[in-house]
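Below is one structure, written out as structure tokens; comments come after it.
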Amino acid sequence: MAIFPTTLTRRNKSIIFTQHEQEKLMLVPQSICKRLSDAEILRKSIEEVDYFSCLYDRYEEKLLRYIHRIARISDSEAEDILQDAFVKIWKNLYAIDPELKVSSWVFRIVHNETVSWLRRQTSYGKDRNVPLKETFDTAAEPNLLLEGEESQRPERRIQFLLEQLPQVSREVLALKFFEEMSYAEISDVLKIPEGTVATRINRAKKAFAELAAKNKISFEF
């Protein structure tokens with residue numbers, strides 16, 4: 001039987017399943033999904049594919065936000081990355097480390113897929129993530145991207161600052177302060193020692209604070 005040859009579209013998002021699975025697919029009501037833990041969803045997904053939609057619904061929005069925070073890409077590109085990541089999650093339901101939290105495992109796969117996508121774009125000479133130095137000069141025009149009503153929204157101002165940081169700094173700040181993960185969870189997602197996580201967070205916080213002060217943006221972690 002072919003693996004993942006067709007797609008299931010939900011709210012303009014696509015999850016890929018086998019043709020046999022798609023034919024019998026009936027999405028599980030949210031009322032049932034909400035009563036299940038992540039681990040229970042994975043176990044039930046192995047027995048009945050319908051339950052995989054519970055995992056997608058639970059993590060879709062936060063994973064898309066995470067992708068955008070660590071990569072300067074379009075909505076459609078972020079959705080493509082998320083779809084590819086969920087294909088890998090589906091294929092590896094049997095391979096999850098029982099010692100690893102499901103959320104950490106899911107974020108790890110999405111993180112790795114995002115990084116791989118960025119590397120492919122660079123390798124193919126199609127990197128549309130123009131270096132920030134070429135996009136704007138914060139020293140000369142510190143508030144260039146902070147004009148207009150839309151740019152005054154708190155999340156846009158935070159994103160403006162995040163985009164000026166190195167990727168490793170964006171990653172740890174997004175996981176620690178926006179996803180509220182512990183050092184141990186971040187260590188699991190990024191596959192680095194907790195001591196390295198702490199060092200990166202401290203450096204990233206300092207750099208973020210300096211950028212906030214430079215751009216006259218009030219923000220505290």
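Enumerate the pairs (first residue in the range 183-206 and touching a residue at least 40 places away in the same chain (Cβ under 8 Å) and buried (at least 16 other Cβ atoms within 10 Å of the Cβ); second residue anywhere and outside any helix (DSSP H, G or I) and charged (D, E, K, R)) with beta-carbon separation below 8 Å, excluding pairs fewer than 6 apart on the same chain, so at least 6 apart or on different chains.
Going by the 8 Å Cβ cut-off, the qualifying pairs are 185/101; 188/101.
Take the residues in the range 136-155 that are in a helix (DSSP H, G or I) and loosely packed, with under 14 Cβ neighbours inside 10 Å; name whichever of them is modelled with the lowest pLDDT.
Once the filter is applied, the top-ranked residue is 150.
The values are calculated or read from the model by the stated rules, or taken from the named source; none is laboratory data. Computed from a prediction, not measured in an experiment: that's the story for all the values here. Glycine also receives a Cβ, built like all others from the backbone with ideal geometry; neighbour counts cover every protein chain displayed.
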